[in-house]
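The structure appears right after this line, and notes come after that.
The values are calculated or read from the model by the stated rules, or taken from the named source; none is laboratory data. Because the structure is a prediction, the values reported are computed rather than measured. Quick reminder, even Gly has a Cβ in these numbers, built from the backbone with ideal geometry, and neighbours come from all protein chains shown. Just so you know, the surface numbers come from the protein's heavy atoms only, side chains and all, with ligands and any DNA or RNA stripped out. Shrake-Rupley method; radii C 1.70, N 1.55, O 1.52, S 1.80 Å.
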Amino acid sequence: MIKKIILTVCLVACCGLAKSQDVKLERSNVDEVIKAMTLEEKVQLLIGTGMAGMSGNSAVVGSTQALVPGAAGTTQPILRLGIPSIVLADGPAGLRIAPKREGSGDTYYCTAFPVATALASTWNAELVENVGFAMGNEVLEYGADVLLGPALNIHRNPLCGRNFEYYSEDPLLSGKTAAAIIRGIQKNNVGTSIKHFAANNQESNRMDNDVRITARALREIYLKGFEIAVKEASPWTVMTSYNYINGVYSSESRELLTTVLRDEWKFKGTVMTDWFGGRNAPAQVHAGNDLLMPGRADQYNAIVQAVKDGKLSIEDVNVNVKRILNLILASPRFNQYKYSNKPDLKANAEITRQSATEGIILLKNSSALPFASSVKKIATFGITSYDFISGGTGSGDVNEAYTVSLGDGLVNTGYQINEELKTLYLKYIADENEKNKPDPSNRYAMFMPKIRPGEFVPDADILNKTAKETDIALITIGRTSGEFMDRKLDNDFNLSDNEQKLVQEVSNAFHKAGKKVVVILNIGGVIETASWKQHPDAIVLAWQPGQEGGNSVADVLCGKVTPSGKLPMTFPVKYTDIASSANFPLDYTPQMNFGGSVNTEKKSEVRNIDFTYYEEDIFVGYRYFDSFGKEVSYPFGYGLSYTTFDYEQPDIKQVENNCTISVKVKNTGKTTGKEVVQLYISAPKNDKLPKPAKELKAFAKTKELKPGESQTVELKINIYDLASFSETESAWVTDNGEYKLLIGTSSNDIKKTLNLTVPNKVIEKTHDVMKPEHTVNVLKN
């Protein structure tokens, strides 16, 4: 059918049915080109070129073999009007294209950068922008036009399968981090696509789940990060999510895509669907979802027929066509950029190593790190020590040339790895992998997390022998996840029995020998730590740090780099402590229908599968734990260092509605290091509009400070930043009264406090949209 559509366009052009055949697309004549287009050509431009198929090891959904093999999709060319195809390619952790091409001996590997969660853990916008610039250069030099990222959905629940692609449980940190990477990528004159707009917070039944949420929670938590990214970085495109929001598909919601995104936020770019997102193509066009990807024949037919029947206005079609043409005009392909297929992968590997190192978080340290000078021989336990995880799976994966394991990173730094233990683990891994080969007939296997062997625990004799022969023990615990399915509680969020046993028995054996034990978490999202964190001497959260991960971790362990990462989310004591735990799917088996037949209506109503109530409302993450007095294992914003810092009393300057808070930070320790200064706001009490105990409103990271060195950092806020969304007034409301400005190193560790008085209530009206159809019984503090 896709071939028939393309043939129709060719016949229209060849038969002379179009009017101004000599007009060619230029920046100055977009309206003229639109007038010259037939209805069929316009509609063809609104959908992608289709899905060429999936086979073998190809990690693609939409295929663009003629342009950039392995990219996700392309727009439709209309050659008689000078309109080329442009190439859209995944993804959030780096460009994802095919690493090898038929008939070519060259390779086309890309850099696997740290996952989004790791980048957010740096709390360093300048560094993230540099990562974006390197990422965007690979997009440019490999011939793609738009990178399908970043992704900035909220970490509503730690079991979401794609949290590794997302930044944080906090919308400000998410929005600022996304804005930084967008600016970096787009400095290369290639585009980004911020996704998934909006409230895509579970993978279970993701194409049919209805998010039932208050307008306040939607505005304050789930849209705010997108608003920041749009206003501060002007992404070229926005990608809509699969889910419904209050009964309407996001890609079919005119209130979301036109009223909020364009009318309120002044977004000027293009909106596209996620691949196969939505049901009603004419409704998507009317909503302002310009580009339907990857493109299906039934969408084309439905849009053409709707226009002919008068059910869809040609004006809606023309508006969307114009936005796509403006996107094409900005693209490297339209501007005939001569891409090299040879980005500087070596330089980019250094960037990923540095950025991963800065995102590493030291959760615990009882004089175990950095390694003492006496440490030479290291025992590395855990299968992940030898099979390090660079990133997640699915569209967030990257086809990189290599991944540096923990063992390789340690050897590269000059340490000796216990070879007997290494041989034991490698044999176990090989034997288990042989038993769990992926099904070659499953075309979805490329998107699913690899089946990893269960943890291996050496016997007591080996543990005792290794403790005598080596100087320190490292235990790596690994986790991976991806599209289609969410994580599980058992053997995922919670450690498996063997992992618990490994941590405890290795700790006992090495402590008995008077030696230290360090646990390294090579994970994409939160796991339970409270039940076992007392056993090791140190815990290092490495996340999924990209292809240079082993080197990055070794840099921190040896003390070459002082850790400065801070948690972008909260680690709870147990899963049921999480506010959304009762409203999130557990043990759902996905129905794999990606790209197949499309259902036209919802067929069932199962709670947390077909619909999910966001009853926690605005109390997500630390907003809940701090407001309701819940103990946590590690708080939001937390992270240790090898040095210490002191804060002087801050100063505040206010000019009309803008405030600048200045605070001097001094390195009072014996090691160079960086500090993250976090500004939280505690608002006056309002019984009609309950507020969290505190909310992050600004942050800044110091430069690398030498012992005794100081730096004054500035934190800027606007009165608008203090506002809460009032549903009764359909407005952002800043209450008058006294606000507390809390400066700290985490949400639980406040160092200094200031007061800010707002003399008059400030109201900023919005549109009365996106209201729930069903009653949402929200938490109240």
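General remarks:
- Computed over Cα pairs, the Kirkwood radius of segment 368-416 leads via Stokes-Einstein (0.692 mPa s, 37 °C) to a diffusion coefficient of 257 µm² per second.
- Think of a 1.4 Å ball rolled over the protein heavy atoms: the chain then has 37 Å² of accessible area per residue.
- Shape of segment 126-247, Cα gyration tensor, a/c cut at 1.5: prolate
- Tail beyond 38 Å, pair distance distribution of the chain (Cα, percent): 39
- Under 17 Å from LYS716, Cα to Cα: aspartates and glutamates that are on another chain or at least 8 residues apart: GLU126, GLU232, ASP651, GLU656, GLU695
- Under the combined filter of DSSP loop state and at most 15 neighbouring Cβ atoms within 10 Å, segment 152-217 retains these trypsin sites (Lys or Arg not before Pro): LYS187.
- Ligands, DNA and RNA left out, the accessible area of segment 405-554 computed with a 1.4 Å probe is 49% carbon and sulfur.
- Between amide H atoms placed 1.01 Å from N, distances below 5 Å from VAL271 occur with VAL238, ASP290, LEU291, all of them 5 or more places distant or on a separate chain.
- Descending semi-axes in Å of segment 374-467, equivalent ellipsoid built from Cα gyration tensor: 29, 18, 9
- Within segment 57-205: Cβ-based charge dipole about Cα centre, in debye rounded to nearest 20 (Lys, Arg +1; Asp, Glu -1): 240
- Carbon + sulfur, % of accessible area of segment 624-776 - ligands and nucleic acids excluded, 1.4 Å: 43
- Amide H contacts under 5 Å for SER313: none, restricted to partners 5 or more places along the chain or on a different chain, H placed in the peptide plane at 1.01 Å from N.
- Of the solvent-accessible surface of segment 206-316, computed with a 1.4 Å probe and all protein chains present, 48% belongs to carbon and sulfur.
- For the chain, size of Cβ-based charge dipole, Lys and Arg +1, Asp and Glu -1, in debye: 900
- For segment 527-542, Karplus couplings with θ = phi - 60° (6.51, -1.76, 1.60), whole Hz, Gly/Pro x: 10, 6, 10, 5, 7, 10, 5, 6, 7, x, 8, 8, 10, 10, 9, 8
- Entries in LYS24/LYS338; LYS24/LYS308; LYS512/LYS533; LYS176/LYS342 that, when Cα-Cα distance is taken, lie over 24 Å: LYS24/LYS308; LYS176/LYS342
- A 1.4 Å probe, protein heavy atoms only, puts the accessible area of VAL606 near 70 Å².
- With a threshold of 19 Å on the Cα-Cα distance, the over-threshold entries among LYS100/LYS437; LYS42/LYS322; LYS664/LYS691; LYS231/LYS752; LYS377/LYS501 are LYS100/LYS437; LYS664/LYS691; LYS231/LYS752; LYS377/LYS501.
- Annotation: amide H-H contacts under 5 Å for ASN209 (H modelled 1.01 Å from N, sequence separation of 5 or more, or interchain): TYR244.
- Its Cα centre serving as origin, segment 283-383 has a Cβ charge dipole (Lys and Arg +1, Asp and Glu -1) of approximately 560 debye.
- Whole-Å distance, taken between Cα centres, linking segment 271-329 and segment 669-728: 42
- Euclidean distance between Cα centres, segment 220-251 to segment 537-588, Å: 26
- Over the chain, DSSP H runs of length four or greater, each weighted -39,500 (n - 2.57), average out per residue to a 222 nm ellipticity of -7500 deg cm²/dmol.
- Derived scalar couplings ³J(HN,Hα) [segment 279-284; Karplus, 6.51 cos²θ - 1.76 cosθ + 1.60; whole Hz; x for Gly, Pro]: 10, 9, 4, x, 5, 5
- Remark: segment 291-398 is approximated by an ellipsoid whose semi-axes, taken from the C-alpha gyration tensor as √(5λ), come to 53, 20, 14 Å, largest first.
- In range of the label at GLU704: residues from segment 642-657 whose backbone nitrogen is under 19 Å from the point 7 Å along Cα→Cβ: 642-645
- Between THR576 and LYS488, the simple spin-label model (points 7 angstrom out along Cα→Cβ) gives 2.0 nm.
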